[in-house]
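This report refers to the structure that appears directly beneath it.
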Amino acid sequence: MSEFLLQHDHHEPGMPFDFNYAVKDDFYGTDFAHNAVSDGDVVRGEYRVLLPDGRTQIVRYTADWKNGYNAEVTYEGTASYPQPAASNLNNQYGPPKTGY
């Protein structure tokens with residue numbers, strides 16, 4: 001069976017499509033989107049997501065039955081790593097006792 005798959009050149013085209021979606025929620029910091037277009041043979045698309053470090057990761061891709069999935073990944077913005085907020089929790093336990 002694997003020999004047949006390696007020599008198989010016949011391809012039935014798929015259905016053309018054009019789709020997209022986007023989600024942006026400032027309260028939770030959620031921001032991502034995806035769009036893709038296909039002529040039935042090749043799919044071209046892009047998806048993007050806001051990363052926790054503040055950058056946006058963008059993936060632009062093409063995919064087809066012969067060449068597979070090929071992507072280019074880029075980033076917009078500058079990464080930032082804020083200091084964690086100081087904890088206001090009181091330590092209810094004292095230091096460990098020594099000398100049993």
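Here are the numbers for this structure:
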{"read-out": "Given charges at Cβ of Lys, Arg, Asp, Glu: the chain dipole, positive-most of Gly45, Asn35, Ala85", "value": "Ala85"}
{"read-out": "Label-to-label distance, nm, for residues given as Arg44 and Phe17 (7 Å Cα→Cβ offset)", "value": "1.8 nm"}
{"read-out": "Local electrostatic count at His34 - Lys and Arg +1, Asp and Glu -1, tallied over other residues with Cβ under 9 Å", "value": "0"}
{"read-out": "Tensor-based shape of the range 12-76 (alpha-carbon gyration tensor, a/c under 1.5 rounded, otherwise prolate or oblate)", "value": "oblate"}
{"read-out": "Among Tyr75, Gly14, Gly54 the positive-end extreme of the charge dipole of the chain (Cβ point charges)", "value": "Gly54"}
{"read-out": "Neighbourhood net charge (15 Å Cβ-Cβ; Lys/Arg +1, Asp/Glu -1) for Gly14", "value": "-3"}
{"read-out": "The range 12-76: relative contact order as a whole-number percent, Cα under 8 Å and 6+ apart", "value": "23 percent"}
{"read-out": "Most mobile listed residue (Glu72, Glu12, Glu46) in the chain, GNM with C-alpha springs under 10 Å", "value": "Glu12"}
{"read-out": "Potential extension, Asp31-Thr98 segment - 0.36 nm per residue separation minus Cα distance", "value": "18.9 nm"}
{"read-out": "Under the Karplus curve 6.51 cos²θ - 1.76 cosθ + 1.60, θ = phi - 60°, whole-Hz ³J(HN,Hα) for the range 67-76, x wherever Gly or Pro sits", "value": "9, x, 9, 10, 10, 10, 10, 10, 10, 10"}
{"read-out": "Cα-centre dipole for the range 12-76 with unit charges at Cβ (Lys and Arg positive, Asp and Glu negative), debye to 20", "value": "120 debye"}
{"read-out": "Environment charge of Ser80, counting only residues whose C-beta is closer than 14 Å and scoring Lys/Arg +1, Asp/Glu -1", "value": "-1"}
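Each value in this text was obtained by applying a stated rule to the coordinates, not by laboratory testing. Keep in mind that this is a model prediction, so the values were computed, not measured. As a convention, Cβ positions derive from the backbone with ideal geometry for all residues, glycine included, and neighbour counts pool all protein chains shown.
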